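The values are calculated or read from the model by the stated rules, or taken from the named source; none is laboratory data. All values reported here derive from a predicted model rather than from experimental measurement. Cβ placement follows ideal geometry from the backbone for every residue including glycine, while neighbour counts extend to all protein chains displayed. Calculation scope for accessible area: heavy atoms of the full protein, side chains included, ligands and nucleic acids excluded. Shrake-Rupley method; radii C 1.70, N 1.55, O 1.52, S 1.80 Å.
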Amino acid sequence: MGSGYSHNTEVAYNYLPQVDAAIFVVTVDPPLSAAEQEFLKDIREYVHKLFVVLNKIDYVEAADRQEVLEFTTQVLQDNLETQQVKIFPISAKLALDAKSNGHPENLAASQLPEFENHLRQFLYKEKGRVLLISCISGALKTITDSTLALKVERQASAMP
């Protein structure tokens, strides 16, 4: 989201009905654009597990990181209408440097391992439950749509 290319945004919206879980990546500069906030509101009914990654955390002074996390958390809670928001602050730049240039000290500083572990645990333990919830929600939506279509058809056939 927030792509300079409208086609990318259109593709993201087209995939929403097929998404059970998603990784939503935002940056500290700027934190959550209006387009990203609108997308968050739109995905609430589709995505049953959302991982939020706050990238470029290394751009913020250590003393200001908590403030950035609290602000981003509040915006997410407002847009997702939930109090359960977990944000993974990372530095993709430090992680890439660690993995490609052999600087293991940067891997811990990137905070990527914590996110990887959390994602791994989700895949091992929770993905089946999320998939089941997604299937049930899809079935309920289909039933609701069909019921509405039948009501409209009955009302239309009753009219002179």
Quiz item: How long is the gain from ALA109 to LEU140 if the chain were fully straight, where each residue apart is worth 0.36 nm and the alpha carbon distance is subtracted?
Solution: 6.7 nm
Quiz item: Between ASN101 and VAL19, what FRET efficiency comes out of the Förster formula 1/(1 + (r/R0)^6) with R0 = 25 Å and r the beta carbon distance, rounded to 0.05?
Solution: 0.15
Quiz item: Which cross-chain or sequence-distant (5 or more) residues have an amide H under 5 Å from the amide H of ILE87, H modelled 1.01 Å from N in plane?
Solution: none
Quiz prompt | Where GluC sites (Glu not before Pro) in DSSP loops with at most 14 other Cβ within 10 Å are excluded, longest remaining stretch of the chain | solution = 82-160
Self-check item: Probe 1.4 Å - accessible area at ASP97, Å² to nearest ten
Solution: 40 Å²
Self-check item: In degrees, nearest ten, helix 65-80 long axis to first principal axis of the chain (Cα)
Solution: 10 degrees
Quiz item: Can you give the accessible area of ARG65, probe radius 1.4 Å, in Å² rounded to 10?
Solution: 70 Å²
Quiz prompt | Proximal lysine pairs, the stretch 1-116, alpha carbons under 18 Å, eight or more residues apart or interchain | solution = 6
Self-check item: Cβ-Cβ FRET estimate between ASP29 and LEU119, R0 fixed at 25 Å, reported to 0.05
Solution: 0.55
Practice problem: Using only C-alpha atoms and all pairs of different ones, pull out the Kirkwood radius for the stretch 23-134 in Å with one decimal. | Solution: 15.1 Å
Quiz item: Hey, if we sort SER146, SER157 by accessible area with the 1.4 Å probe, largest down, what's the order?
Solution: SER157, SER146
